[in-house]
Structures are given as structure tokens and as C-alpha cells.
1. Would you confirm whether or not the stretch 181-191 contains a residue that is outside any helix (DSSP H, G or I), open to solvent by less than 20 Å² (accessible area, probe 1.4 Å) and within 12 Å of the ligand (Cβ to nearest atom)?
2. Within the stretch 312-332, which residues are over 17 Å from the mean Cα position of the chain (by Cα) and either farther than 25 Å from ASN259 by Cα or in a helix (DSSP H, G or I) (or both)?
3. Looking at LEU168, LEU240, LEU164, LEU196, can you tell me which residue is surrounded by 18 or more Cβ atoms within 10 Å (Cβ to Cβ) and over 20 Å from the mean Cα position of the chain (by Cα)?
4. Grab the helices (runs of 4 or more DSSP H) fully contained in the stretch 20-100, keeping just those with 2 or more residues being out of contact with any strand residue (DSSP E or B) (no Cβ under 9 Å at 6 or more places or on another chain) and open to solvent by 10 Å² or more (accessible area, probe 1.4 Å).
5. How many residues are farther than 30 Å from ALA301 by Cα, hydrophobic (A, V, I, L, M, F, W, C) and in contact with a Leu (Cβ under 8 Å, 6 or more places away or on another chain) when one looks only at the stretch 109-146?
6. Kindly indicate which of ALA44, ALA26 is within 16 Å of the ligand (Cβ to nearest atom), in contact with a Phe, Trp or Tyr (Cβ under 9 Å, 6 or more places away or on another chain), in contact (Cβ under 8 Å) with a residue 12 or more places away in the chain and under 17 Å from CYS104 (Cβ atoms).
7. Taking the conditions exactly as written (assigned by TED's automatic domain parsing to the domain that holds GLY205, open to solvent by 10 Å² or more (accessible area, probe 1.4 Å) and outside any strand (DSSP E or B)), does GLY335 satisfy them or not?
8. Can you find a residue that is within 18 Å of ASP173 (Cα to Cα) and not acidic (Asp, Glu) anywhere in the stretch 282-296?
Amino acid sequence: MAGMTTDVTAPVRTLRAGFVGGGFMAAVHSRAARAARADLAGAASSSPSRSREAADRLGLDAAFDSVDALVADPDIDVVHVCTPNALHAPIAKAALLAGKHVICEKPLATRSTDAAELAALAAERGLVAAVPFVYRFHPMAREARARVARGETGRLISVHGAYLQDWLAGPRDDDWRVDAELGGPSRAFADIGSHLVDLVEFVTGDRIVRLNASTRTVYEARATHVDIATEDLAAVVIELGSGAVGTLLVSQVAPGRKNALSIELAGSDASVRFEQERPERLWVGRSGGSGLVDRDPARLAPDAARLAIVPAGHPMGYQDAFNAFVADAYAAIGGSTPEGLPGFDDGLRAVRVTEAVLASAASGDWTEVAS
Ligand code: SOE
């Protein structure tokens, strides 16, 4: 069909993928792996019966009795880690030590020392190690990045980003993530602020160097948890390496907001705004007139067009972005170097910014982000 591109990189051989965890994210990962033509080798969860239930529900070949058994299976090439946050680092480490490529959910680790160890280990072993910062894979987020990179927006002046959800907005709403033992010391920022940090840095090509944050725990008790210490929201003022400034608002208690990730950059010549819930369009703002750019592959930058797998007017969405991420990760396993694949170094960046947010919120001071 005219204007359609289908060259999202395909894996060069059939990979065998194993999945640790059986929840929402394991379902998303396994759909993407199937679309990338992997063999879906099996699932491991917290018990043999939960592994069986996950394998059946996700349509995987086998159920492993334990995570260790999955990681030790010589037939598995790539391990997808889709567990609660505190288990990401130990499982990713075990998989890398077993010589597996790893796709590990964010936050890569609940401490930056662990994330740094994983990034170093993956590099040392020459294994592909990717973190699903999948909002990078919306064609119009790539288009924003391309326009910034080719100078269309001019000198970067300011950034404002938000990631707002409401699935924890009520006092009885509850989830394992509120528990620091499972989720880590940061909740809202680690869970969704990490995506926002990644997208801001990816699209601007700049780095958050210092920040000043306030956090709030609105509900210290929920349906099953009490004495909750993890944050429901974070409001952060940022400074970037270029001298640009910005604000980030990250909240899991924003009624009516489902998955409202947005970033807006103002440059000296133009602004761009991308909204994840309306991913088919990019707003381009100019003093002399503004407008919406449609996802029309014929008119996009090459790196955006390659991700546009259906023509303009045929909406793409979250699972398409996820599929493109997994396809690119698998292509990297096959020896390619796809543009913009988020690796463990990017996972580490997000953990470092998260730690700076918690440190600043605790001290009330401006805090440097470790580099
Ligand atoms: C829940 O907040 C969640 O599923 C996150 O964990 C994901 O990273 C985000 O993409 C959507 O919301």
C-alpha cells in the first residue's frame, strides 16, 4: 500500500524466549515476542502452579518449576523479566550470568548500585540487555526527536512533562507496588516517572543534571497495606545539561487520568508536544501559527517512518510500540544495531534520577543526578 513501511527490523533467526512473571506485563511481552516470531519457550512464576497457570493463559510451550530452572535451560536465548520490581536485579543478574540476553522491566533495579552492576555485567558479557522504555517506539515520539535533532526547534529552552494515572487514586486502591519491600523505596517515580525521564532525555538528547523534588504520600493506608512510605506523587523542577529548565509532575492519584504521559519542549524556534494517549499526532507550536502533524509515514523522518507499520489513518498504539521495542531488541540479539534501543545503561539513568528525586524530597535541597 502506498505510504506504508514495513521495515521494523526482524530477527535473523528464531529465538527462544522465556518469561518470568505472569501478570499484565508478561502478557504484553509475550504478545510482542510472538509478533517478532520468537518461540515462546515457557513461563516461570512464584510457584509451579502459578507457572502452569501463566503458561496456559499466555499460550507458552512449557511451565518451569522455578525461575532457576528457566534461567538454566540451555534452549532459552532471551529472558523477559516481568516480576515485581525488587526481583528484577537478582533475576536479570542470574540470566546474564547464565549467558542469556535479557529484557528486564523498569525500574531495572531498586538501587542504582545494582543497576550499575547489571549494566556493567551485560557490557562485559556482550549480551543484549534492554529495558522496555517503550514510549520511545511511538512513531510520533521519534518524529519529535528527529525534529529536535535536526535543529527545527532551535535552542532548547524549557521542558514540561507529566505522567498521570488514577488506578491508585482512591484510598482503598491497592497493589504490591505500594510496599517498599516489593516495589522499592520509590513507587510513582520508579514506576512511571522512569518512563518520563527516559522520554525527556531521549527526545531532547539532553540530560537531567540536577533537580529539586517534592513528594507526597496521600494515603498511608490502603485496602491491605498500612504505614505506606512510598510516594503517590512527585513534583520535580529539573535543570538539563544544556542549561534548559523544566518541570515533571508524576502522579498515581490524578482522578480521570489513565496513562497520561506527555512531554512538551519549547525551543527558541518552535515547540513540540507528544501525548502518549493520542500517539497518532505531534503538536508543533510556532509563534506564527501552530498545528498537528499526523502520523503519515510518507512525511516522517526515516526513524519514525520505519516504526509506522500501517498507513496514516489506521491508528497505532501501545502494543505496537511494545512490539517494535521487542522486535528491535531481538534484532540486536541477531547482530543489528537498531536506532534508539533502550539498554541497561538507560535503565540505570532512570534509577539514578529516581534516587535524586527521593534524596531531594528528603532533604529539601537541589540534588545532582549521579552520572
Ligand atoms: C502501571 O503504572 C503501568 O502498567 C506501568 O507499570 C507501566 O510501566 C506503564 O507503561 C503503564 O502503567
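1. Taking every residue of the stretch 181-191 in turn, at least one turns out to be outside any helix (DSSP H, G or I), open to solvent by less than 20 Å² (accessible area, probe 1.4 Å) and within 12 Å of the ligand (Cβ to nearest atom).
2. Residues satisfying the conditions are ALA331, ALA332.
3. Within the list LEU168, LEU240, LEU164, LEU196, the selection yields LEU240.
4. By residue number, 24-35, 88-97.
5. The total comes to 7.
6. Among ALA44, ALA26, only ALA26 is within 16 Å of the ligand (Cβ to nearest atom), in contact with a Phe, Trp or Tyr (Cβ under 9 Å, 6 or more places away or on another chain), in contact (Cβ under 8 Å) with a residue 12 or more places away in the chain and under 17 Å from CYS104 (Cβ atoms).
7. Spelling it out, it is not the case that GLY335 is assigned by TED's automatic domain parsing to the domain that holds GLY205, open to solvent by 10 Å² or more (accessible area, probe 1.4 Å) and outside any strand (DSSP E or B).
8. For the stretch 282-296, residues within 18 Å of ASP173 (Cα to Cα) and not acidic (Asp, Glu): absent.
The values are calculated or read from the model by the stated rules, or taken from the named source; none is laboratory data. Here the structure is a predicted model, which means the values were calculated and not measured. Every residue, glycine among them, receives a Cβ derived from its backbone with ideal geometry; neighbour counts consider all protein chains shown. Quick note on the areas: whole protein, heavy atoms, side chains included, nothing else; ligands and nucleic acids left out. Shrake-Rupley method; radii C 1.70, N 1.55, O 1.52, S 1.80 Å.
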